[in-house]
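The values are calculated or read from the model by the stated rules, or taken from the named source; none is laboratory data. Computed from a prediction, not measured in an experiment: that's the story for all the values here. For neighbour counting, all protein chains shown are included, and Cβ atoms are generated from backbone atoms with ideal geometry for every residue, glycine included. All accessible areas refer to the heavy atoms of the entire protein, side chains included, with ligands and DNA or RNA removed. Shrake-Rupley method; radii C 1.70, N 1.55, O 1.52, S 1.80 Å.
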Amino acid sequence: MTRMAGPPPIVVGIDPDPDKRMALAWAADAADRRRLPLLVVLAQNLPTPGYRPTGGRPSWEEWNEALHATGDRLLNEAVAYVESRHPRVRVSGLLAEGHPAWVLREQADNATEIVLGSWRLSALHELFTSAAVTLPLIAHAPCPVVVVPEPEHITQQPPYFVVGVDGSPASATAVDVAFEEAALRNAVLRTLYVWHPPMLGVLDEDAAVRECRRLLSETVAGRVASHPEVELHHEVVRGHPVQVLTEASEHALGLIVGTRGHGGFTGMLLGSVSQGVLHHARCPVIAVPHASDHGGRRR
């Protein structure tokens, strides 16, 4: 299967384990809502769980053939899943060789968003599996990256999204995406400014909170007029950003964060807040790059 022509697709990286379908389901639903094509990508640089050599040690040619046959089968199953879930979505598959982070980064140059899964194992195991793909991809992708946890989380009614705001240009870009997502899903939007007081305290805490409210109001100004259908809740909360955002989004449709801000990226590393919510959030996390970071934009 090959890459489709037309508008920038939603790209989803699938796991070799066919039981892990949450990222694929999210991507299929998003493609259907946005009337966009969907590209399903499977990156292989090691034998997949579906390949089991028989007899003696296989030759390189036999190993390579079996690896690709398994990959094609997994892609065909994923495409069939999308077609049964959303028959009108135009879907294609791509089997690529290489590390998943860099394969998906290459696809991100012409994508509306990248979707991938995350599953919770031991902290050490997760560091060398899902995080090894997620962190470098978010660090370099010019489009939003959606990290969808396994298994499915329980959402609350009425449905809502949470977006973290810190007054930076990156969080303003994240708010744009948050309004768009909330409008598409007919969901409430909670904009959170988390005030984390310094260890030595401040002379006037009330004044500090008023400044947070001002920055929050400025960030969402203008977006309300563009999306009058979105019910908006402003909140300034005192506490640690990771804890507050994680708790606020526990039953959310998704948590949207900018990938730069106060204490954002240094080289390839995520800031402590972004990395913390990626590790602890139980709902999908949408990491949004600021347009000037990559020259990219929301398509």
Task: Members of the range 172-190 found to be among the polar types (S, T, N, Q) and more than 15 Å from the chain's Cα centre (by Cα), listed by number - done: Asn186
- [ ] Go through the range 178-195 and count every residue that is surrounded by 21 or more Cβ atoms within 10 Å (Cβ to Cβ), modelled with pLDDT of 95 or more and among the aliphatic types (A, V, I, L, M).
- [x] 3
TODO: State the number of residues belonging to the range 82-105 that are in contact with a strand residue (DSSP E or B) (Cβ under 9 Å, 6 or more places away or on another chain), assigned to a helix (DSSP H, G or I), modelled with pLDDT of 95 or more and of a type outside the set (A, V, I, L, M).
DONE: 1
Task: Yes/no for Tyr51 being modelled with pLDDT under 80, more than 17 Å from the chain's Cα centre (by Cα) and surrounded by 13 or more Cβ atoms within 10 Å (Cβ to Cβ) - done: yes
- [ ] Output the number of residues of the range 97-110 satisfying the condition of being in contact with a helix residue (DSSP H, G or I) (Cβ under 9 Å, 6 or more places away or on another chain) and buried (at least 18 other Cβ atoms within 10 Å of the Cβ).
- [x] 5
- [ ] Tell me which residues, restricted to the range 213-239, are open to solvent by 80 Å² or more (accessible area, probe 1.4 Å) and not in a helix (DSSP H, G or I).
- [x] Pro228, Glu229, Glu231, His234, Arg238
